[in-house]
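Trainee: One structure is given below, represented as structure tokens, and several questions about it will come after.
The values are calculated or read from the model by the stated rules, or taken from the named source; none is laboratory data. Please read all numbers here as calculations on a predicted model, not as lab measurements. When we count neighbours, we look across all protein chains shown, and the Cβ atoms used for this are built from the backbone with ideal geometry, even at glycine. The area values use the complete protein model at the heavy-atom level, side chains included, leaving out ligands, DNA and RNA. Shrake-Rupley method; radii C 1.70, N 1.55, O 1.52, S 1.80 Å.
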Amino acid sequence: MSWQLSGLRWPPCGASLHNQAGALLARVPGENESAMGRLQALASRAQYRPQPLASEAAALAGLRAELDRLTVTGRALAVTPFQHGVGQRQGEQASLAAPNAIQALADKLVDGADPLLPTGQLHALAWLVTGNSAADLAAKLAPLCALLPLPEWCAALRRLGANNDPMAKPTAAKVPRWRADEPLIWAPLRPALGALEAELAQLDSLASGSKSPIARLQALSERRRQHLAAHAAALDALASLTGQLHCWRGQGDAASLGAQLGQSTPPDHSHSMSVAALLLSPSPITFWQELTP
């Protein structure tokens, strides 16, 4: 096929779906209005029994506020052996002893040149992962990065597992590079898919009207059961945690936290490979603190 200059137009495939669905959906408001009229005529004779669990569920309405309190805003900082000015290098090998990693975090708490240095009273939580060698640190980081995918820690794990032979000369792919397969659904296809899927969902709902109310309620009950079972299984899977790390907690302003952290007693210099992270927030960071009791 030869090249030709082409303008943009709305694809007929999308217009066809909308036209076919829209012809039927346009009749829905009138049918609904008629059905509501019939229901209103019966309203004075109808009696309703509350759902047996409704009052107990209402009594647990405060759980949402507790859930919201787990989501806090704050700042996180991480140090690894591969950061310039943080890790120590000997030739091609990088290292970061545990005390030096903690001191790097303490120094950042009093780094007045950083415009994003936190201010005010803060809740602090620090994590430290140590190893006696690069392989030891990589083995400890692997399960932790699956659970706590801090970008700096994940980058360090990739560096630890990479081929660091200085004599190796891998062949670099040409730019631009291919990416893995992905859905080709940029705008305007993405919003069109959302709108068309909503129309088709309305058709699915209308099609289910051929079933009896009891059958539809049974299907709804079964879907709820499946959803509850799936949610419970997902939470059980999340609760199956693996991995270990050192943790430290503090409270105060940045300068006070820096002093507290600097005076803490992390593992000694025999732990020559380490990564660390510091979480700060004006609000209690309850979830993260309880994750590492």
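Trainee: Which of the residues belonging to region 248-265 are assigned to a loop (DSSP other than H, G, I, E, B), closer than 24 Å to residue 95 by Cα and open to solvent by 40 Å² or more (accessible area, probe 1.4 Å)?
Mentor: Within region 248-265, 263, 265 meet the criteria.
Trainee: Shifting gears a bit: Anything in region 44-62 that is open to solvent by 100 Å² or more (accessible area, probe 1.4 Å) and hydroxyl-bearing (Ser, Thr, Tyr)? List them, or say none.
Mentor: 44, 48
Trainee: Please determine, by comparing only the residues of region 51-89 that are basic (Lys, Arg) and touching a residue at least 12 places away in the same chain (Cβ under 8 Å), which one is farthest from residue 133 (Cα to Cα).
Mentor: Only one residue tops the list, namely 69.
Trainee: Here is a follow-up. Looking at region 12-28, is at least one residue surrounded by fewer than 10 Cβ atoms within 10 Å (Cβ to Cβ), charged (D, E, K, R) and without any contact (Cβ under 8 Å) to a residue 24 or more places away in the chain?
Mentor: No, region 12-28 contains no residue that is surrounded by fewer than 10 Cβ atoms within 10 Å (Cβ to Cβ), charged (D, E, K, R) and without any contact (Cβ under 8 Å) to a residue 24 or more places away in the chain.
Trainee: Let me ask something else. Restricting the search to region 271-293, which residues are open to solvent by 70 Å² or more (accessible area, probe 1.4 Å) and either over 21 Å from the mean Cα position of the chain (by Cα) or among the hydrophobic types (A, V, I, L, M, F, W, C) (or both)?
Mentor: 282, 287, 288, 293
Trainee: Give the number of residues within region 81-127 that are within 21 Å of residue 148 (Cα to Cα), in contact with a strand residue (DSSP E or B) (Cβ under 6 Å, 6 or more places away or on another chain) and open to solvent by 40 Å² or more (accessible area, probe 1.4 Å).
Mentor: So the answer is 1.
Trainee: Where in region 136-247 are there helices (runs of 4 or more DSSP H), lying fully within it, with 2 or more residues that are open to solvent by less than 100 Å² (accessible area, probe 1.4 Å) and either basic (Lys, Arg) or touching a Cys at 6+ places or on another chain (Cβ under 8 Å) (or both)?
Mentor: 151-161
Trainee: Criterion first (exposed (fewer than 10 other Cβ atoms within 10 Å of the Cβ), among the aliphatic types (A, V, I, L, M) and under 23 Å from residue 205 (Cβ atoms)) does residue 41 satisfy it?
Mentor: Criteria not met by residue 41.
Trainee: How do the pairs read when you match residues in region 139-168 that are modelled with pLDDT of 90 or more with residues anywhere that are open to solvent by 80 Å² or more (accessible area, probe 1.4 Å), using Cβ under 8 Å and keeping only pairs 6 or more apart or on different chains?
Mentor: Cβ pairs passing all conditions: 140/244; 143/242.
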